[in-house]
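Down below is the structure, laid out as structure tokens.
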Amino acid sequence: MPPSSQVCGSYCLLGFGSRLGRPGSGPSSSSVSSETELEVLFSASGSSGLIVGSAVTIQRKKEKKNLLSLSRFDSVSFPPNQNRIPDANPKFPQNAILIPLAAPRSLLPCSTRVLGSSIGMSLARRRCARVSSAAAESSSDASPWASLHEDLIPLIGWRVLETGDLLDYVRLRAVCRQWRSATPSPRGRGVLDARFHPRRWMMLPEGHGLHPGHYKLRGYIRFFNLSTGAIVRRKLPLFSDHCVLDSADGLLLLQRDQDSAIRLLHPFTGDIVDLPPLKTLRTGIAEETVPWQFYRTVGATIFSVAANGVVTVMLGLYEMGRVACATTMDQRWRFSAWTFKRMWRPMAFQGKMYLLECHNFQSDLQILEIDPPRPEDVADAGHFCSPPEPKLIATCPAGKLQMPYRLVECDSEILVVGHNGMLSPHIVVYRLADIIRGTIAPVTNIGGNAIFVEERLLSVSSRVHPTIVPDSVVILHPEEFYLGHYHLASGTWLPTADGCIRGNNGVPSPCSFIYHIFTCCHRATWNKGALLFQGLLQPPWKVKRKWRTG
């Protein structure tokens, strides 16, 4: 636990029953419940610390002292007029979690969201009010951080957004009232301001057909961070009549059931941008000519915001071989005047779209870039701005890579993934920047990340899960048909987890978290709450099939 000179306010220590402490430490544990929530309230200003919980978790409660002993915990005291926790602080277990009570409950780790006692929480609020009142009387400034110059606070906030995560910025604003007032709130700016985009957050597939909006989830959806593995839960009731098509910079591309309207949602702030219905792409096209699910096969999504606040969205529809474009001021979507080969899936990167193109196995691999419409064109509300044609930015000589080729973003750069020979199990990775410079050499170090390869490619840090091998590619083995890690440096294969993907039943349940991550790379399974290799490769929708086909 950090010293109280660095932490102030209300905190909550969460854990489970017998796992809360070391055996034999502290008083008898006979009164410990199977699910226990302890709330630790203290102030760095010198107020007496309090430990609050339900009746079964507090021992020697009748002793009017600053020292309270807890079941299966060492003693802890917060003497008055002491600006740090004493050395004899409790030995908190490694699996315990210390979090601010001020944090929204939807942002708590999913493993703690089921804990809680209404009695304990109400008692905590009353004790917290007393502590705050006492602190205000004893000191005019309860937090030394509040004295930081207000001009520096926004600079610190922007730096946190650049180097950290949106939730780190939210925690920064929760430090004290002064910091909150000096930094802009992400709410209302979540979509329009790119600094507030939750770029490394991905919606987590639950499995067992529990799609977003399923009644068993009670409106909640979980998200996990591709860099840290953190999991948060948000209540998003609009999924009762919406489904997910894609994820772009952490924002969710949604389709409304009744009218097929496209909406861009920030999952943490709730900000929404409305776009025209997707069915307007059918204008002039016979319905029997192109199936409805082809319009919903989004391979990449990019968007930009003009100075006047108009949002432009481009969708790469790989089954159509076209790019669709619309703005928040349009009444319909329109296709690009040019097409691309259906076998090549586009990729979104920093507001642009990228494509691969190769005419045959012996020809060079071309890498194309698609720019969004110019902001000055978007500013004219009465003029539809078609995306410009793709432009060639790099060529990889024939023989360096073999099909299938893929593009992936990893640590803010584009990598090209392919095989080093026809029907070869060996995988090679190149940096696009090296191909442009002409210094083409395979990459064996990708920053400790693992690249998950399926219909969509994701770069995931090895810190997310202990079974993720750093500097590897997670992909189906081309010969032995199992999900494996291909280590780039050694050129060896390693199974990702127990369980064979062969047969009708596939991987048994419950399965490794690896399969949940890998499912995120297959949109048609990811948005239905299913898992890859557990049942059909592309399971059908069980609800509202008329609008959600595909």
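One line per residue, one yes/no per condition, for (1) at pLDDT below 90; (2) assigned to a loop (DSSP other than H, G, I, E, B); (3) crowded, with 20+ Cβ neighbours inside 10 Å:
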residue	(1), (2), (3)
Gly207	yes, yes, no
Ile221	no, no, yes
Ser227	no, yes, no
Val232	no, no, yes
Cys243	no, no, yes
Asp246	no, no, yes
> Can you name the residue in region 315-353 that is among the small types (Gly, Ala, Ser) and open to solvent by 10 Å² or more (accessible area, probe 1.4 Å) and is also modelled with the highest pLDDT among such residues?
Replying inline: Ala348
> Just one of the numbered conditions (1) surrounded by fewer than 19 Cβ atoms within 10 Å (Cβ to Cβ); (2) modelled with pLDDT of 85 or more is not true of Val408; which one?
Replying inline: (1)
>> If I ask for residues that are crowded, with 18+ Cβ neighbours inside 10 Å and assigned to a helix (DSSP H, G or I), which ones from region 435-461 would you list?
In response: Ile435
> If you check Leu392 against the conditions, is it of a type in the set (A, V, I, L, M), surrounded by fewer than 19 Cβ atoms within 10 Å (Cβ to Cβ) and not in a loop (DSSP other than H, G, I, E, B)?
Replying inline: yes
>> So, Ser260, is that one among the hydroxyl-bearing types (Ser, Thr, Tyr) and open to solvent by 10 Å² or more (accessible area, probe 1.4 Å) or not?
In response: no
> Of all residues in region 465-488, how many are over 14 Å from His419 (Cα atoms) and charged (D, E, K, R)?
Replying inline: 2
> Which one of the conditions (1) out of contact with any Phe, Trp or Tyr (no Cβ under 8 Å at 6 or more places or on another chain); (2) of a type in the set (Asp, Glu); (3) surrounded by 15 or more Cβ atoms within 10 Å (Cβ to Cβ) does Glu479 fail to meet, given that it meets all the rest?
Replying inline: (3)
> What is the residue count in region 146-172 for residues that are in contact with a strand residue (DSSP E or B) (Cβ under 9 Å, 6 or more places away or on another chain) and not in a helix (DSSP H, G or I)?
Replying inline: 1
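The values are calculated or read from the model by the stated rules, or taken from the named source; none is laboratory data. Model, not experiment: these values are computed from the prediction. Glycine also receives a Cβ, built like all others from the backbone with ideal geometry; neighbour counts cover every protein chain displayed. Just so you know, the surface numbers come from the protein's heavy atoms only, side chains and all, with ligands and any DNA or RNA stripped out. Shrake-Rupley method; radii C 1.70, N 1.55, O 1.52, S 1.80 Å.
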